[in-house]
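Structure first, then comments.
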Amino acid sequence: MQSVFKLPRWLSLGLAFPLFILNVWVLLGVIKYLQPLVNIVIAAILLAFVLEYPIGFLQRRGVKRNLATVGVLLLAIVILAALGITVLPLIIEQVNELANILPAWIDSGTQQLQALQNWAATQQLPINPSGLLPDILGELSNRIQSLSGRIIGLAFDTIGSLFNILLTIVLTLYMILNGDRLWEGILKWLPQHIAKQVRESLREDFQNYFIGQVTLATILATVLTLAFIALRVPLNLLFALVIGFFALFPFGTGIGITLVSLLIGLKNFWLGVEVLAVAVAIDQFNYNFIAPRILSNFTGLNPVWVVISLLIGAKLLGVLGLLIAIPLASFVKSVADSWHDGAFNIVSDGELAEKS
């Protein structure tokens with residue numbers, strides 16, 4: 001190591017870069033080989049971070065940790081079971097209904113485009129939507145019908161079998177009860193200033209991020225469901241949950257709103273416009289008035305790095321990768337900044353000592 005440090009800086013970096021690439025390639029191979037186990041571990045860690053918030057809240061109210069942990073876990077199981085009994089059948093029913101009625105919506109959209117073209121011809125306007133849009137609508141129909149048949153299977157592929165669910169629950173419980181000792185055992189191998197930054201960043205970048213994002217997405221989906229019911233939007237619960245799901249990811253809300261508005265616009269153009277306007281208004285209220293009270297701008301990431309992080313996360317771990325991409329990237333940035341500042345301070349102190 002001493003001989004390496006004596007090499008010119010450019011040569012040291014040149015040697016380190018291919019070694020870094022090789023290590024990343026090996027790590028990706030291991031992750032791919034252990035994909036189910038990696039998903040279980042990541043899911044357990046995320047659940048532990050989220051459940052730690054209500055457990056800590058009860059502890060601050062004087063409840064013992066073991067009792068608070070059992071109470072929060074039981075409440076979470078009851079909530080999930082209630083949602084599985086009440087909401088999940090409705091979602092499955094509406095997904096199947098969407099697959100059945102989508103061809104009729106495509107025909108309705110084509111007819112509306114034809115009417116628009118006829119009106120443009122009478123007004124002598126250079127509008128010809130019939131050239132490309134029907135092909136787009138046909139491709140969209142095929143994609144959505146194929147996707148609707150895979151949604152349930154995708155859910156089961158994500159959570160695995162009953163054994164994987166039980167293993168995730170057990171591992172989550174272990175992370176809650178013994179997580180502090182586990183992290184301390186890992187962090188003790190790091191320098192003290194970096195270990196402190198890692199501990200703080202883990203809590204801020206993961207727990208706060210997921211609590212905030214899930215809260216905002218839940219509020220958005222709930223309000224949209226009520227608004228869609230008032231507007232008599234077909235498949236209102238499914239469409240509201242789709243937008244709420246996209247709201248879990250940065251830049252996802254706009255994609256979800258656009259997709260839902262286009263689908264509804266195939267059936268009724270003006271209803272699609274109303275859905276677009278109402279959804280954007282609710283999202284802006286949620287973003288400007290509720291989000292600042294729940295989320296802080298803690299990531300400090302350039303939007304370019306946000307997009308790159310999402311692409312890498314989706315490529316490596318799918319949906320779970322999308323969920324952890326932003327807090328993980330923010331965590332890496334925080335630790336790197338702490339390491340850089342610490343190294344800079346060490347160098348500065350050394351220079352001062354030499355001058356003295």
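Per-structure values
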quantity: For segment 30-44, 3J(HN,Hα) per residue [Karplus equation, 6.51 cos²θ - 1.76 cosθ + 1.60, θ = phi - 60°, Hz, x = Gly/Pro]; calculated: 5, 4, 5, 5, 9, 3, x, 5, 4, 4, 5, 5, 5, 4, 5
quantity: Percent carbon-and-sulfur accessible area, segment 229-283, ignoring ligands, DNA and RNA, probe 1.4 Å; calculated: 75
quantity: Simple label model, 7 Å out from Cα along Cβ direction - ARG232 to ALA81, nm; calculated: 4.0
quantity: Chain lengthening between ALA281 and ARG60 when straightened (0.36 nm per residue, less Cα-Cα); calculated: 75.8 nm
quantity: Residue-wise HN-Hα coupling along segment 92-106, computed from phi with Karplus coefficients 6.51, -1.76, 1.60 (Hz; x: Gly, Pro); calculated: 4, 4, 6, 5, 5, 5, 4, 4, 7, 8, 4, x, 5, 5, 4
quantity: Exposure rank, largest accessible area first [TRP105, TRP305, TRP183; 1.4 Å]; calculated: TRP305, TRP183, TRP105
quantity: Exposure of GLU200 as accessible area (Å², to 10), given a probe of 1.4 Å and all protein chains; calculated: 100
quantity: Modelled FRET efficiency - R0 30 Å, GLU93 with ALA115, Cβ distances, 0.05 increments; calculated: 0.40
quantity: Å² per residue, accessible surface of segment 13-125 at 1.4 Å; calculated: 68
quantity: Segment 267-293 residues near the modelled THR122 label - backbone nitrogen below 20 Å, point 7 Å along Cα→Cβ; calculated: 269-270
quantity: Hydrodynamic radius of segment 64-111 per Kirkwood, over alpha carbon pairs, in Å; calculated: 13.7
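The values are calculated or read from the model by the stated rules, or taken from the named source; none is laboratory data. Because the structure is predicted, anything quoted here is derived from the model rather than measured. Don't worry about glycine lacking a Cβ; one is built from the backbone with ideal geometry, like all the others, and counts go over all protein chains shown. These area figures cover heavy atoms from the full protein model, side chains too; ligands, DNA and RNA do not enter into them. Shrake-Rupley method; radii C 1.70, N 1.55, O 1.52, S 1.80 Å.
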